[in-house]
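A short write-up of the structure that comes next.
The values are calculated or read from the model by the stated rules, or taken from the named source; none is laboratory data. Please read these numbers as outputs of a predicted model, since none were measured by experiment. Note that each Cβ is placed from the backbone with ideal geometry, even for glycine, and that neighbours are counted across all protein chains shown. We work out accessible area using only protein heavy atoms, side chains counted, and drop any ligands, DNA or RNA first. Shrake-Rupley method; radii C 1.70, N 1.55, O 1.52, S 1.80 Å.
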Amino acid sequence: MRAVRELPPISLAELTERAALMTRVDRKYLLPRSEVDAVVARLADRLHVLEIDGQRTFRYRSTYYDTPDLAAFHAAAGRRRRRAKIRRREYVDTGATYLEVKTPTTRGGSAKQRIAEAPRTGDGPLEGAALDFVAGVLDTAGCPLPPAELQPVLRTRYDRVTLLVDDEASRMTIDTDVTWSRPGPAEDMGGAPFADLADLVVLETKAGTRPGAADRLLWARGHRPVRLSKYATGLALIDPDLPDNRWHRTLRAVRAA
């Protein structure tokens, strides 16, 4: 992404101070990789790019937790108001790891709460302090804790560039090389169920309830927000037996890529 390399940098501390956005509206777009430079170039005079130790693209790994019968997935598929997404996110390049819980807000956005964790060598069900944290967040949000254990059911990996839209104090992220796999002994050898986005890129705007400059530009270029949950979309891509009505258009676009 040549246009990203030409943007002025911003540190993580300053980005967090100016646009923490733990409560926000996320709008996701699927773009061909070839279009990203043009979008960034059009907004370049109002953008800064996150840079840490000279690096602007960062590797992410996430593990999503659900019950054996996928209660969280089915709550999202059924558009239930009281639902949650639970994941452990690893920032590969910095070594930071967080346990995160996302819940919907009354205004159509999402709220995220998280705690830092030590790097893990294993990945069993949530228990102890981790489970207590999740239970507390769900209770506050009015989401009952599922009676079954929360176990790892999906992993995703991607590379991310994070941009600050200066005059709006909002963020824009660009995710490339997105892949999903089900946890299993053959996961790192390509033997586990697997899916990817091929040559598509996930561009996400993270702002308040009003669309920002990036949204308006994308609309003018013929792109509209899509329903794309890295958790639910990934599971539906891997397992065709799962309900996919809510993400049907997105899945059709990904499968056609």
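Observations, loosely collected:
- Single match in Leu163, Leu145 (criterion: touching a helix residue (DSSP H, G or I) at 6+ places or on another chain (Cβ under 9 Å), free of Cβ contacts under 8 Å to residues at least 12 places away in the same chain and either more than 25 Å from Asp244 (Cβ to Cβ) or among the β-branched types (Val, Ile, Thr) (or both)): Leu145
- Residue list for segment 166-181, restricted to those being of a type in the set (Ser, Thr, Tyr) and free of Cβ contacts under 8 Å to residues at least 24 places away in the same chain: Thr179
- The set of residues from segment 211-247 being open to solvent by 90 Å² or more (accessible area, probe 1.4 Å) and either under 25 Å from Ala75 (Cα atoms) or touching a Phe, Trp or Tyr at 6+ places or on another chain (Cβ under 6 Å) (or both) comprises Arg224, Arg227, Pro240, Asp241, Asn245.
- Just one of the listed residues (Asp132, Asp66) is surrounded by fewer than 13 Cβ atoms within 10 Å (Cβ to Cβ) and either modelled with pLDDT of 90 or more or more than 20 Å from the chain's Cα centre (by Cα) (or both), and it is Asp132.
- Residue in segment 7-20 that is polar (S, T, N, Q) and without any contact (Cβ under 8 Å) to a residue 12 or more places away in the chain present: yes
- Among the conditions (1) more than 23 Å from Glu117 (Cβ to Cβ); (2) open to solvent by 50 Å² or more (accessible area, probe 1.4 Å); (3) over 17 Å from the mean Cα position of the chain (by Cα), Pro32 misses just one, which is (2).
- If you go through segment 1-14 and pick out every residue that is surrounded by 17 or more Cβ atoms within 10 Å (Cβ to Cβ) and either modelled with pLDDT under 90 or in contact with a Pro (Cβ under 6 Å, 6 or more places away or on another chain) (or both), you end up with 1.
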